[in-house]
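Structure first, then comments.
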Amino acid sequence: MHVPTVMILLDLVLIMAVAHLLGWLAGKLGQPPVIGEIAAGILAGPTVIGPHMSAMLFPRDARPALTLLADIGVAVFMFVAGLELDRGIFGGARRSIPAVSAAAYLVPFALGSGVAISVLARHQTGNRLHFALFVGCALAVTAFPVLARILHDRKLIRTEIGQLSLACAAVVDILAWAVLALVLALAHPGGTQWRLALLIPLVAMLWWILRPLLGQAARIGTQQTMIVLGVGGALTLAAITEWIGLHLIFGAFAFGVIFPRERRRTVESGARVLSAILLPGFFVVAGLAVDLGSLDATAITELVVIVAVAIAGKAGSVYLAGRLTGMPSRPAAAVAALLNTRGLTELVILNVGLTTGLIGPELYSLLVVMALVTTASTAPMLRLVGMAHGPDLPESTDTQPDPHNEGYPVVKAR
């Protein structure tokens, strides 16, 4: 057995243990576990333990294999994110959803693009337009899966606020992936640009052919069969979109969207186990590229501007849009705080930008810190507006179930 193989196995165990421990500690502090997991990745990098210790624990010849495992973990995670994208959440608050979603994406996107051209111009690595569009996309994203976890943990998932937040986050994420796909297509046309033309027939095939076939398989397939079909299909479609010239996240996410909802619980349980094993490796791979030790006064000023624009652009625009569509002040503020969550989805986008050369290592480090700060700010902001927790619901209730929320009643948060 070669030394890299030994190190890969030991590194995988170390990653899982540290990520789980710090995720548990984050939960004890009232934060989503992803905060601790992101911190575990930064801890593994040169910023905290130093470049020599980081290189000793995670040798360079072992990193390609860790990156491959991390990519599999991200693909499975995006498949689960697609599974969680339930069209039923669009059933309520129809007037608020378009306005709040548009504000939640377009305003921080425009502000981020402007900041990229002005404040962050020295970090430009290539085409000015591509750079600005990518930074705008990075500041506009909302982490739909992390948001769902926060809502569940805080008993807000069944509330009107929770449902509205999920619906808007779903729209924002769809916009984010669409814009990112466009930016990647513009930035890296290359000799395989013709492959992008395959996207239209691919989408048509997924919706009109594969989706009905999956529906038939869902009626006869066993639990194990559906898990293998779900994960295998997600990885296959991820490989196809990677070959086309986009990123593997698009294919995995799309397969989750078309997967039969009646078997979602069955497949999600198995996929989450695999994701829990491999996904922490993504945080370490992402963290190894974060180096805050060499930041100068200019970079620190840039970080302050990035965080301020990210929070003010997202939370401020969402609050204003909510108020203009008739939402009371506290619920509008709560939705604004929730949609400010970026978490893992942000890291996936930033990793795409780094690996494709749209941003450099220093700006990548600053944006990772922004993702950490904005996600960690969600809980304090909810406490500030008095909506840190939803009501405790009994197992049985006389409240009429909401047909778009898997039988759970939709209630108002305290």
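The values are calculated or read from the model by the stated rules, or taken from the named source; none is laboratory data. A quick note: this is a predicted structure, and the numbers were derived from the prediction, not measured. Neighbour counts are summed over all protein chains in view; Cβ atoms, including those assigned to glycine, are modelled from backbone coordinates with ideal geometry. With ligands, DNA and RNA removed, areas are computed over all heavy atoms of the protein, side chains included. Shrake-Rupley method; radii C 1.70, N 1.55, O 1.52, S 1.80 Å.
Of all residue pairs spaced 6 or more apart or on separate chains, those with beta-carbon atoms under 9 Å, a first member in segment 210-231 that is open to solvent by 70 Å² or more (accessible area, probe 1.4 Å) and a second member that is of a type in the set (Asp, Glu) and in a helix (DSSP H, G or I) are Arg219/Glu262. Just one of the listed residues (Ile42, Ile38, Ile89) is modelled with pLDDT under 85, within 24 Å of Asp291 (Cβ to Cβ) and either open to solvent by 60 Å² or more (accessible area, probe 1.4 Å) or in a helix (DSSP H, G or I) (or both), namely Ile38. Does Leu295 qualify as being under 12 Å from Leu366 (Cα atoms) and assigned to a loop (DSSP other than H, G, I, E, B)? So Leu295 passes the test.
Being over 24 Å from Gly30 (Cα atoms) and among the aliphatic types (A, V, I, L, M) holds for only one residue in Val368, Val290, and it is Val290. Output the qualifying pairs, or none if there are none: Cβ atoms under 7 angstrom, residues six or more apart or on different chains, first residue in segment 242-261 and in contact (Cβ under 8 Å) with a residue 12 or more places away in the chain, second residue of a type in the set (Ser, Thr, Tyr). Listed pairs, sorted by first residue: Gly245/Thr192; His247/Thr241; Leu248/Thr241; Phe250/Thr241; Gly251/Thr241. Filtering segment 327-362 to residues that are closer than 22 Å to Ala379 by Cβ, touching a helix residue (DSSP H, G or I) at 6+ places or on another chain (Cβ under 7 Å) and part of a loop (DSSP other than H, G, I, E, B) leaves Met327, Asn340, Thr341, Arg342.
Selection within segment 348-365: residues that are over 23 Å from Asp296 (Cα atoms) and either open to solvent by less than 10 Å² (accessible area, probe 1.4 Å) or among the basic types (Lys, Arg) (or both). The member of this set that is modelled with the lowest pLDDT is Val348. Could you list all residues from segment 263-275 that are at pLDDT 85 or above, surrounded by fewer than 20 Cβ atoms within 10 Å (Cβ to Cβ) and not basic (Lys, Arg)? Hits for segment 263-275 are Glu268, Gly270, Val273, Leu274. Checking each residue in segment 23-35 for being under 19 Å from the mean Cα position of the chain (by Cα) and either not β-branched (Val, Ile, Thr) or not in a helix (DSSP H, G or I) (or both) picks out Gly23, Ala26, Gly27, Gln31, Pro32, Pro33.
Per-residue answers, yes or no, for (1) more than 17 Å from Ala116 (Cα to Cα); (2) among the small types (Gly, Ala, Ser); (3) touching a strand residue (DSSP E or B) at 6+ places or on another chain (Cβ under 9 Å):
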{"site": "Ala299", "(1), (2), (3)": "no, yes, no"}
{"site": "Leu303", "(1), (2), (3)": "no, no, no"}
{"site": "Ile311", "(1), (2), (3)": "no, no, no"}
{"site": "Ala315", "(1), (2), (3)": "yes, yes, no"}
{"site": "Gly326", "(1), (2), (3)": "yes, yes, no"}
{"site": "Ala336", "(1), (2), (3)": "yes, yes, no"}
{"site": "Leu339", "(1), (2), (3)": "yes, no, no"}
{"site": "Thr356", "(1), (2), (3)": "yes, no, no"}
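The single condition among (1) farther than 20 Å from Ser377 by Cα; (2) without any contact (Cβ under 8 Å) to a residue 12 or more places away in the chain; (3) touching a helix residue (DSSP H, G or I) at 6+ places or on another chain (Cβ under 8 Å) that Ala321 does not satisfy is (2). Take the residues of segment 45-59 that are farther than 15 Å from Leu14 by Cβ and modelled with pLDDT of 85 or more: which is most open to solvent (accessible area, probe 1.4 Å)? Here the answer is His52.
Exactly one residue among Thr125, Thr67 is touching a residue at least 12 places away in the same chain (Cβ under 8 Å) and assigned to a loop (DSSP other than H, G, I, E, B), and that residue is Thr125. In segment 92-109, is there at least one residue being at pLDDT 85 or above, part of a loop (DSSP other than H, G, I, E, B), within 27 Å of Ala289 (Cα to Cα) and open to solvent by 10 Å² or more (accessible area, probe 1.4 Å)? Scanning segment 92-109 turns up no residue that is at pLDDT 85 or above, part of a loop (DSSP other than H, G, I, E, B), within 27 Å of Ala289 (Cα to Cα) and open to solvent by 10 Å² or more (accessible area, probe 1.4 Å).
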